[in-house]
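First comes the structure, then the notes that go with it.
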Amino acid sequence: MLLFFAFHLTGSCRKKCFDSSHRGLEGCRCDSECTGRGDCCWDFEDTCVKSTQIWTCNSFRCGESRLESSLCSCADDCLERKDCCADYRTVCHGEAPWVSEACATSQEPQCPEGFDLPPVILFSMDGFRAEYLQTWSTLVPNINKLKTCGIHSKYMRAMYPTKTFPNHYTIVTVIKALQLVDNAFGMLMEGLKQRNLHNCVNIILLADHVNSEEIVRNLSCRKPDQHFKPYLTPDLPKRLHYANHVRIDKVHLMVDRQWLAARGPSSSSCGGGNHGYNNEFKSMEAIFLAHGPSFKDSVEIEPFDNIEVYNLLCVTVRWRGSGSSLTQDDQVEQVNQMLNLSNGDITATMKANLPFGRPRLIQQNKEQCLLYHRQYISGFDKDMKMAMWSSYTVPNPGGTSPLPPTVPDCLRADVRVAPSESQKCSFYLADKNITHGFLYPPAINRASNSQYDALITSNLVPMYEEFKRMWDYFHVVLLLKHAVERNGVNVVSGPIFDYNYDGHFDSPDEITQYVADTDVPIPTHYFVVLTSCKNKFYTPDNCSGSLDVLPFIIPHRPTNVESCPEDKTEDLWVEERFNAHVARVRDVELLTGLDFYQEKAQPVSEILQLKTYLPVFETII
């Protein structure tokens, strides 16, 4: 048996909503009281009630009579009155939606009259991982089109703590959320298109994201396979920039990926996602897309930190921002003739050991004395009685056999430095926990008679015994490994003083405040910056193209408890420790008052990108 149903327009509320005089088929009504009487027309709910609660048009709403309580209108005069729903032209006039149109080809803003400058819309999403767009692009067609037509980064790195970013291990729970976000973004683009602004505005779419010492001591190295590391705030990796604020806790747990710190085993948070993890984990990588006349078309850029979005916004709206300018130290120091380096020797050592120019000193009221050697160059600080930096180049050794031991008992005073400005051996005898280390490792010169230029007091820096154990292994073993992998590396290393752990170099007065009773101040950290040619066919001293960089900022601590090294050889923990404290060149600059790569003949934009690049060792999750 076949059943046929027919609906009469005379029984519809279309264009009759809340009209008390309307009588439809069989006396149905469309006024506000019909629900109570039970005589509403068949489409009253869809046409008159739900239409006031949505931001979109549909077949019921096109050409509707105006409803005062509506969020937007689909009436015939809505364009004139400028209150149309975002998809009015698409649904009611059959125009192609923004998502199905080809990418705009013009780089010039296509703005209506009245716009002197393209406006900027910043669309920020909570917890949108970069991986979502790679794996589930078909579920988010609007966002995917922005990626295709505009500029995007592989990912954007969140600043620690990543407390607005998820760490989902099941995608099922977020598919619906992704689609809701994409629909909302699609409505934005449809609305802009309807106002002829879709090729005018610049759109940026991104995702955001007791006794303390005793607590850390009790949490450290509790189990051989412990899946977290406790840190006091001053000891956190400097790249996190998370310290010295009243709202920052004093104890932090850096938890391994796929592990969760909870109050007890009954926690119910393991089934979905969490956040706040190491910002180098792939699961913490956020999204960045941009489209508009200020951005290039269909371009992928390298990952960057989300704090750089502020600078991007300043450039886009042509606002200077609140940054402060820096000065440069242009002092040229005279070479001490006692080194017997001719002008030709100085030129040769600068070419070999400062291939990208010397670090410029930008600290005010501070001076550095340049000390030249055939194998390295130092910037010496007479007030601190130690080098601020030492620069040298390690060529590709062709193998990774460790360096020979340093010649013992041959340390001598550097006669170029006045005794009152030089370190004395008696300082190290006074405190058995402090010994001396070298910025430039003498053993780099494999022949013992070539080590003597490095066995001088101007190359000394104070180090805790346990730290020196790690420092020496890095230079004797790991540095050669990097030189082989990168076809030679230029090394710049030096001490850092950040006693108030604010991420910026301490002034001399601040250092004195914390280390008033010592002849030689103890650094809080040491930095190492390895620079090589991105094209590994070239060595650092003949690299005319782009550079690759690997910086570290290592906390200078009296113990290695962070790595639980008991009963372990250095090859099992030192490299991991250095990698945990990888940083940006810009972080090193802020902590030292030095400015790198000033003499590198490379576009400023590339140098800035190099300085803000953070190497990533995390590849799994």
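Observations on the structure shown:
- Lone qualifier among K163, K176, K147 - being of a type in the set (K, R), surrounded by fewer than 20 Cβ atoms within 10 Å (Cβ to Cβ) and either modelled with pLDDT of 80 or more or over 30 Å from V616 (Cα atoms) (or both): K176
- Residue match in the range 398-420 (condition: assigned to a helix (DSSP H, G or I) and either among the hydroxyl-bearing types (S, T, Y) or at pLDDT below 75 (or both)): yes
- Of all residue pairs spaced 6 or more apart or on separate chains, those with beta-carbon atoms under 9 Å, a first member in the range 55-71 that is closer than 23 Å to F185 by Cβ and a second member that is part of a loop (DSSP other than H, G, I, E, B) and β-branched (V, I, T) are R61/I54; S70/I54; L71/I54.
- Taken as a whole, the structure places Y440 among residues that are closer than 22 Å to Q375 by Cα, in a loop (DSSP other than H, G, I, E, B) and out of contact with any Asp or Glu (no Cβ under 6 Å at 6 or more places or on another chain).
- Looking only at residues in the range 499-526 that are touching a strand residue (DSSP E or B) at 6+ places or on another chain (Cβ under 9 Å) and among the aromatic types (F, W, Y), the one that is nearest to N459 (Cα to Cα) is Y526.
- Condition check for L610: of a type outside the set (V, I, T), crowded, with 19+ Cβ neighbours inside 10 Å and not in a loop (DSSP other than H, G, I, E, B): yes
- Evaluation of R557 against (1) over 22 Å from D472 (Cβ atoms); (2) surrounded by fewer than 21 Cβ atoms within 10 Å (Cβ to Cβ) (one fails), failing number: (1)
Condition check ((1) part of a loop (DSSP other than H, G, I, E, B); (2) modelled with pLDDT of 90 or more; (3) more than 30 Å from the chain's Cα centre (by Cα)) across all residues:
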| residue | (1), (2), (3) |
| --- | --- |
| F505 | yes, yes, no |
| Q513 | no, no, yes |
| V520 | yes, no, yes |
| V528 | no, yes, no |
| G545 | yes, no, no |
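- Selection from the range 1-33 of residues that are at pLDDT 80 or above, over 14 Å from L67 (Cα atoms) and crowded, with 19+ Cβ neighbours inside 10 Å: S12, C28, R29
- Of all residues in the range 352-368 being at pLDDT 90 or above and either in contact with a helix residue (DSSP H, G or I) (Cβ under 6 Å, 6 or more places away or on another chain) or closer than 20 Å to I456 by Cβ (or both), the one that is surrounded by the most Cβ atoms within 10 Å (Cβ to Cβ): N353
- Residue match in the range 88-99 (condition: surrounded by fewer than 18 Cβ atoms within 10 Å (Cβ to Cβ) and closer than 24 Å to S32 by Cα): no
- Residue in the range 573-586 that is among the basic types (K, R), assigned to a helix (DSSP H, G or I) and in contact with a helix residue (DSSP H, G or I) (Cβ under 7 Å, 6 or more places away or on another chain) present: yes
- Residue in the range 341-351 that is at pLDDT 85 or above, assigned by TED's automatic domain parsing to the domain that holds D506 and buried (at least 18 other Cβ atoms within 10 Å of the Cβ) present: yes
- Qualifying residues in the range 476-495 (those that are β-branched (V, I, T) and in contact with a Phe, Trp or Tyr (Cβ under 6 Å, 6 or more places away or on another chain)) - the one nearest to P540 (Cα to Cα): V491
- Test result for T52, assigned by TED's automatic domain parsing to the domain that holds T35, surrounded by fewer than 17 Cβ atoms within 10 Å (Cβ to Cβ), on the phi < 0 side of the Ramachandran plot and among the β-branched types (V, I, T): yes
- Sub-9 Å Cβ pairs linking a first residue in the range 589-609 that is in the same structural domain as I511 (by TED's automatic domain parsing) to a second residue that is of a type in the set (V, I, T) and in a helix (DSSP H, G or I), at least 6 apart or interchain, are L594/V588; F596/V585; F596/V588; F596/I607; Y597/V585; Y597/I607; Q598/I607; K600/I607, ordered by first then second residue.
- Unique match (being surrounded by fewer than 22 Cβ atoms within 10 Å (Cβ to Cβ), closer than 22 Å to V394 by Cα, at pLDDT 90 or above and out of contact with any Leu (no Cβ under 8 Å at 6 or more places or on another chain)) among F537, F596: F537
The values are calculated or read from the model by the stated rules, or taken from the named source; none is laboratory data. Computed from a predicted structure; not experimentally measured. Quick reminder, even Gly has a Cβ in these numbers, built from the backbone with ideal geometry, and neighbours come from all protein chains shown.
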